[in-house]
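So the structure is just underneath, and the comments pick up after that.
The values are calculated or read from the model by the stated rules, or taken from the named source; none is laboratory data. Everything quoted here is computed from the prediction, not taken from an experiment. Every residue, glycine among them, receives a Cβ derived from its backbone with ideal geometry; neighbour counts consider all protein chains shown.
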Amino acid sequence: MEGKILTLAIETSCDETACAVLENGRTILSNEIFTQIEIHQTFGGVVPEIASRNHLEKISGLVEAALEKANATFDDIDHIAVTYGPGLVGALLVGLSAAKGLAYALDKPLIPVNHIEGHVAANYIAHPELKPPFVCLIVSGGHTHLVDVKDYTAFEIIGRTRDDAAGEAFDKIARTLGMGYPGGPLIDKLAKEGNPHAIDFPQAMLDQEHLDFSFSGLKSAVLNYLNSCRMKQISIVPADVCASFQHAVVQVLKSKSEQALKKTGYDTLVLAGGVAANSALREVLAEIKDIKLYYPPIALCTDNAAMIGCAGYYNALAGKRADWSINAVPNLKIGE
């Protein structure tokens, strides 16, 4: 591939319907997103059937809007990148079907993209100088991984959660405190008003040499604390609970990231995923000495199609193509 390459990207893995056009993988010409957060807040979390229905209603209009904003036509597009996993199977199928139809009708290559690899690629858009290899800490509602990013399309998981993802724990604690959905931003905001040392919540696996995580014990400890206070009629200070819980999470993430950097010998740490927007996590990772730290702007931390377009561009350069038999893979692992 030489010259100007335009990628049309589609993302529908959860509750954001998104379409973007990128030039040469790293320059965003358009990045259109319809978020369903307000729709799902009533239910305290994402309802898969409702998410799929809204993707169906919005996808065509977003493709048109992305092309118009990019001042491009279908003829200008070189290939179509689409998320095929992981995610909600019904939601994935909407975007995948749309991309298949476009690729077939336009006779354009269809480029499959792993959603998690897309989160890593968001950093390439934000930081033109960034290139592999590096350690990437991926933290989201469904994933907590430490990944050795050997090249643009070569990934090795070197640490992962053995139970709950960090983002899942944030949502659960926020729900228990009656704060609403999504929990991560709400806890981050309220934690600024609390004392992170008010409650001694557990920090799992810090004394072990492996790079895996566990957050189920922490989640249970917070729930037990809240239930105990209510039973004993002890006053609960939500800001202190949020600050102490968040402190326990980010300290574990920092410690394991330091271990990963030492193990790989890299001096670059990259943060990706929805929880990459957490201000406390960014602050503690910045305390790690003698490394370069990268993370995306807030707009590229949450699900979007620009990151899928970037990852798709590098997949295309590596010769990755999908045929018409490609299906949604809801439990797709990074590197597969």
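For G312, indicate whether it is in the same structural domain as D15 (by TED's automatic domain parsing), more than 15 Å from the chain's Cα centre (by Cα) and at pLDDT 95 or above. Judged against the criteria, G312 is a match.
When residues in region 249-279 are screened for being of a type in the set (G, A, S) and buried (at least 21 other Cβ atoms within 10 Å of the Cβ), 6 of them pass. Filtering region 123-154 to residues that are surrounded by fewer than 22 Cβ atoms within 10 Å (Cβ to Cβ), modelled with pLDDT of 95 or more and under 16 Å from the mean Cα position of the chain (by Cα) leaves only A126.
Every residue, every condition in (1) surrounded by fewer than 17 Cβ atoms within 10 Å (Cβ to Cβ); (2) touching a residue at least 60 places away in the same chain (Cβ under 8 Å); (3) within 18 Å of D15 (Cβ to Cβ), yes or no:
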position: A51; (1), (2), (3): no, no, yes
position: N54; (1), (2), (3): no, no, yes
position: I59; (1), (2), (3): no, no, yes
position: E64; (1), (2), (3): yes, no, no
position: G87; (1), (2), (3): no, yes, yes
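Of these, L102, L22, which one is surrounded by fewer than 20 Cβ atoms within 10 Å (Cβ to Cβ) and touching a residue at least 60 places away in the same chain (Cβ under 8 Å)? Of L102, L22, the one residue that is surrounded by fewer than 20 Cβ atoms within 10 Å (Cβ to Cβ) and touching a residue at least 60 places away in the same chain (Cβ under 8 Å) is L102. Enumerate the pairs (first residue in region 166-177 and closer than 21 Å to K256 by Cβ; second residue anywhere and modelled with pLDDT of 90 or more and outside any helix (DSSP H, G or I)) with beta-carbon separation below 6 Å, excluding pairs fewer than 6 apart on the same chain, so at least 6 apart or on different chains. Pairs that qualify, where the first residue is closer than 21 Å to K256 by Cβ and the partner is modelled with pLDDT of 90 or more and outside any helix (DSSP H, G or I), are A166/V139; A166/T144; A166/F215; A169/F215. Only one of the numbered conditions (1) in contact (Cβ under 8 Å) with a residue 40 or more places away in the chain; (2) not assigned by TED's automatic domain parsing to the domain that holds L269 is not met by L137, and that is (2).
Within region 214-246, which residues are modelled with pLDDT of 95 or more and of a type in the set (F, W, Y)? Across region 214-246, the qualifying residues are Y225, F245. Does F245 satisfy the condition of being part of a helix (DSSP H, G or I), over 24 Å from P132 (Cα atoms) and under 26 Å from the mean Cα position of the chain (by Cα)? Here the answer is yes, as F245 does meet what is asked. Where strands (runs of 3 or more DSSP E) sit wholly within region 1-105, those with at least 3 residues that are under 30 Å from M179 (Cβ atoms) occupy 16-23, 27-35.
Give S257, S220 a once-over and let me know the one that is touching a residue at least 24 places away in the same chain (Cβ under 8 Å) and either aromatic (F, W, Y) or part of a helix (DSSP H, G or I) (or both). Answer to the selection: S257.
Could you say whether any residue in region 189-211 is touching a Gly at 6+ places or on another chain (Cβ under 6 Å) and crowded, with 17+ Cβ neighbours inside 10 Å? Explain how you work it out, then say what you get.
Narrowing region 189-211 to residues touching a Gly at 6+ places or on another chain (Cβ under 6 Å): 202, 204, 211.
Restricting the remaining residues to those that are crowded, with 17+ Cβ neighbours inside 10 Å gives 204, 211.
Within region 189-211 (the criterion being touching a Gly at 6+ places or on another chain (Cβ under 6 Å) and crowded, with 17+ Cβ neighbours inside 10 Å), the answer is yes, since at least one residue qualifies.
Just a yes or no: is a residue in region 267-286 free of Cβ contacts under 8 Å to residues at least 40 places away in the same chain and hydrophobic (A, V, I, L, M, F, W, C)? Yes, because at least one residue in region 267-286 is free of Cβ contacts under 8 Å to residues at least 40 places away in the same chain and hydrophobic (A, V, I, L, M, F, W, C).
On the given criteria, is A306 in a helix (DSSP H, G or I) and closer than 20 Å to K100 by Cα? Write out each step before concluding.
Values: in a helix (DSSP H, G or I): yes; closer than 20 Å to K100 by Cα: yes.
Answer is yes for this residue.
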